[in-house]
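The values are calculated or read from the model by the stated rules, or taken from the named source; none is laboratory data. Treat the numbers as computed from the prediction; the structure is a model and nothing was measured. Glycine also receives a Cβ, built like all others from the backbone with ideal geometry; neighbour counts cover every protein chain displayed.
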């Protein structure tokens, strides 16, 4: 058997699945309950058997024909005894191939010959990742005969009937009867509405564009005047820029020195309380932390002098005092926080 390859490709990539997803999206827009287009624009059809209860949610039916609407489409609900219904559940991922899957299910489940089988389906709900669907199967010849009898009783012979069946408390349309006429009218209404929306959009764009264009022209004129004024005041602009730059540098310098300690004052204060027998070999500041290293005849005594001076806080010796054998003095290292109150 020869296989027909209808795949679309671009640079060797298969685009058939992308096209299938686009078709699914368009089908959901035009026929899905969530979008609301069908509920708003789908034409009404007259339900022939007036004793049939019309569901509130789907589709557009009426049980009376006003004189001005004498040309309204006709729909007929076949008796429940003429149909077979079946509940199906498909994973949501299979929705792109849903019609093919339902067509196969109808063919494999139908007790009638393939050419005598007609079917219809409706999506009931989406729950837990599943598509809950009701499938309706009937004999095409039996449905056709029923429609002919109904036409003979109350309708003109040229009337093309839509055929519906009730299952799972909802109406399901059987495919292949008179539904094409109302579908064409539906798409015609959508096209007219799209034209109206396009005209409104064009009008809105013009309303937005024209003032914006005028403002753009005016802005270009003002820009030209500004450029001319700037060219005439080059020296003034350069001086202003220099002043701005100096102000920025001054601001940064002020901020840099604002929180710095007056190190010279602290060094003088510490030098005043330091005995002549003590000398420093290293002194460093880290913000308000002071570290001094040096040699003293009695390092512990010097630590006591610093602690009692009130100039510093958190005074500590990070290492033990050691005596230098050559000088006879004690080596010390002291860390402290400069007291901000002094």
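Quick look at the values:
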read-out: Qualifying residue in the range 255-262 (condition: loosely packed, with under 10 Cβ neighbours inside 10 Å and either in contact with a strand residue (DSSP E or B) (Cβ under 8 Å, 6 or more places away or on another chain) or at pLDDT 80 or above (or both)); value: no
read-out: Residue identified as farther than 29 Å from residue 185 by Cβ, out of contact with any helix residue (DSSP H, G or I) (no Cβ under 9 Å at 6 or more places or on another chain) and at pLDDT 90 or above among 113, 93; value: 113
read-out: Unique match (being surrounded by fewer than 16 Cβ atoms within 10 Å (Cβ to Cβ) and in contact with a strand residue (DSSP E or B) (Cβ under 9 Å, 6 or more places away or on another chain)) among 88, 98, 130, 124; value: 130
read-out: Failed item in (1) in the same structural domain as residue 89 (by TED's automatic domain parsing); (2) at pLDDT below 85, with residue 232 passing the rest; value: (1)
read-out: Qualifying strands (runs of 3 or more DSSP E) (wholly inside the range 72-186; at least 1 residues being under 22 Å from residue 36 (Cα atoms), in contact (Cβ under 8 Å) with a residue 12 or more places away in the chain and within 34 Å of the chain's Cα centre (by Cα)); value: 117-127, 130-139
